[in-house]
Amino acid sequence: MKAWWKDCVVYQIYPRSFYDSNGDGIGDLRGIIEKLDYLQDLGVDVLWLNPVYRSPNDDNGYDISDYYRIMDEFGTMDDWEELLEEVHARGMKLIMDLVVNHTSDEHTWFIESRKSKDNPYRDYYIWRPGKDGKEPNNWRSIFSGSAWQYDETTGEYYLHLFSKKQPDLNWENEKVRKEVYNMMTWWLDKGIDGFRMDVINMISKVPGLPDAPNRAGERYVDGGQYYINGPRIHEFLQEMNEKVLSKYDIMTVGEMPGVSVEDGKLYTNPERKELHMIFNFDHMDVDSGPGGKWDLKPLHLPKLKKIMAKWQTGLHGVGWNSLYFNNHDQPRSVSRFGNDQKYRVTSAKMLATSLHFLQGTPYIFQGEEIGMTNVRFDSIDDYRDVETWNLYKEKIAEGVPEEKIMEAIYVKGRDNARTPMQWDSTENAGFTTGTPWIKVNPNYKEINVEAALADQNSIYYYYKKLIQLRKTNPLIVHGDFTLIDGENRRVFAYLRTYQNEKLLVVTNWSNDQLEFRLPDFINFHPGQILIANYDDANLNLEKTITLRPWEAIVYKGK
Ligand code: TEU
Ligand code: CA
């Protein structure tokens, strides 16, 4: 089958915050249907829906209680069927979110499993007796606290790498794998075009679930080395591919925290028949200190560039990259890596340029195309994310000053990405006629789709052009990659070459005007400027280029 997904641009929809069609303050499927023309005009090829299955929404749909039903708040299965039909009618594709490392604790499998030790569903999950009156091991949950929850009924603990309402499935159990493959087949037979697979590299755990080394004497410790890229992960993915994926002309992308380039080669090499591409997190951890994401560290651009280069050269000709700076778990990139005040429009365009000319499939997260920014709610009570709330409670209990906790939430909290899509300047940004489930970012009066569509210089039209250029320049999809001046602290520049064509991409990641000197080895003769975020960018390329704040220029030549 043709690797059509290599030429595509994917648009990620977080349904809860996209568009509310019935005034209950929660985005829904009918709301997405009403906005499909907007997405088709933008030019995206594939829509990725975050989970829309039945869920108590402890983790906004990543805690699934029924894989075969649509979440009540989002609508009905008929609405979903109509959405799929309307997406296909516009020549776009639809991929669903596959969350099978864990279910909700309200899933019937878990309700049965916790009833008794000899229940037929007991081994669908990972139960262990306590050790010395404590949890079975010292692993920390990614959402704070222990990764184990004690259950009175049978006097044992169950494993939950995420919230305690998200018990991990036991993939060692063949029955679990069969249930998952049957469910995937059921959705694929409805005509979807693939899956994004949630933390799929966590499904294989090291037997024995050993304690993690605890040199610092912490109460709970990151146990990632015992469940990330575990011993049977490739076996499971190859089995999933053989039994399900290989039967359909689809795309697959695996979300893989903690994956290395070497692992990435194994997961995405088509000869291994596992997945088409993966989301790695190296570039998303670049501003985290040793204490993890909440341990804030300023961006050091050479480090980010080295990471991007490593993945570009590592997978070139071997596997395939996904390209993203934004998603529903990450703060907005224009606030995180750009300048969301004086240079919001210019820096948003620059960031998009530096990403979209790399080799791989680009992912646009809703609102990124109009330069939506992070938010700063005054009170923790305005936040909704379980990860944020668990962190807040844990740090308050440790005596950390509230303003320090709130600063970390402002910089890295996931609700930064989850404030409602800003459609226009009417109340609640036209997202809902009701009370939104989470407050709208107050800057919606200036930053909204209606304003963007009315302004030819908006970020929206810049994204539209980026997407269009990918269609008309095979060099972007197939070319190789050479990093230029990797140690430069303010400029990210690189060369793409394919057959007898070259692209030179030069982006200034700073508030400064500066002189950028092209190394002598760069033998490049510009023919045209493909795209630039200042409308008077100059074509005559000397050995040094003057770059204005956040300037991006893409030259095409030989
Ligand atoms: O995220 C995986 C994951 O590790 C995230 O928790 C991410 O690393 C972290 O949130 C960064 O702050 C997936 C989903 O994308 C996320 O929304 C879910 O909460 C999580 O899995 C559990 O399903
Ligand atoms: Ca609604």
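The values are calculated or read from the model by the stated rules, or taken from the named source; none is laboratory data. All of these numbers come straight from a predicted model, not from anything done at the bench. In this analysis, Cβ positions are derived from the backbone assuming ideal geometry, glycine residues included, and neighbour counts consider all displayed protein chains.
Looking at GLY223, GLY217, just one residue is within 25 Å of the chain's Cα centre (by Cα) and small (Gly, Ala, Ser), and that residue is GLY223. Report whether or not ASN457 is of a type outside the set (Asp, Glu), in contact with a helix residue (DSSP H, G or I) (Cβ under 8 Å, 6 or more places away or on another chain) and in the same structural domain as MET308 (by TED's automatic domain parsing). Criteria met by ASN457. For segment 22-44, filtered to residues that are in a loop (DSSP other than H, G, I, E, B) and surrounded by 20 or more Cβ atoms within 10 Å (Cβ to Cβ), the residue that is farthest from ligand 2 (Cβ to nearest atom) is VAL44.
Suppose the filter is over 19 Å from the mean Cα position of the chain (by Cα), under 23 Å from ASN321 (Cα atoms), at pLDDT 95 or above and of a type outside the set (D, E, K, R); does SER246 pass it? Don't jump to the end; show me each part of the working.
Working: over 19 Å from the mean Cα position of the chain (by Cα): yes; under 23 Å from ASN321 (Cα atoms): yes; at pLDDT 95 or above: yes; of a type outside the set (D, E, K, R): yes.
It is true that SER246 is over 19 Å from the mean Cα position of the chain (by Cα), under 23 Å from ASN321 (Cα atoms), at pLDDT 95 or above and of a type outside the set (D, E, K, R).
Per the conditions (1) farther than 19 Å from SER144 by Cβ; (2) part of a helix (DSSP H, G or I), the sole criterion not satisfied by THR433 is (2).
Matching residues to (1) more than 16 Å from ligand 1 (Cβ to nearest atom); (2) assigned by TED's automatic domain parsing to the domain that holds GLY434; (3) not hydrophobic (A, V, I, L, M, F, W, C):
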| site | (1), (2), (3) |
| --- | --- |
| PHE18 | no, yes, no |
| ILE26 | yes, yes, no |
| GLY31 | yes, yes, yes |
| GLN40 | yes, yes, yes |
| LEU47 | yes, yes, no |
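The residue list TYR121, TYR67, TYR125 contains one member that is in the same structural domain as PRO15 (by TED's automatic domain parsing), modelled with pLDDT of 95 or more and touching a helix residue (DSSP H, G or I) at 6+ places or on another chain (Cβ under 6 Å), which is TYR67. When the test is whether a residue is outside any loop (DSSP other than H, G, I, E, B), within 28 Å of MET96 (Cα to Cα), at pLDDT 95 or above and of a type in the set (S, T, N, Q), GLN166 does not pass it. The strands (runs of 3 or more DSSP E) found entirely in segment 232-332 that carry 2 or more residues being touching a strand residue (DSSP E or B) at 6+ places or on another chain (Cβ under 6 Å) and over 30 Å from LEU391 (Cβ atoms) are 251-255. Against the test of being over 30 Å from THR426 (Cα atoms), within 16 Å of ligand 2 (Cβ to nearest atom) and among the acidic types (Asp, Glu), the options ASP105, ASP66, ASP78 yield a single qualifying residue, ASP78. Considering LYS273, LYS297, LYS303, the condition of being away from ligand 2 (no atom under 16 Å from the Cβ), free of Cβ contacts under 8 Å to residues at least 40 places away in the same chain, assigned by TED's automatic domain parsing to the domain that holds LEU358 and at positive phi is satisfied by LYS273 alone.
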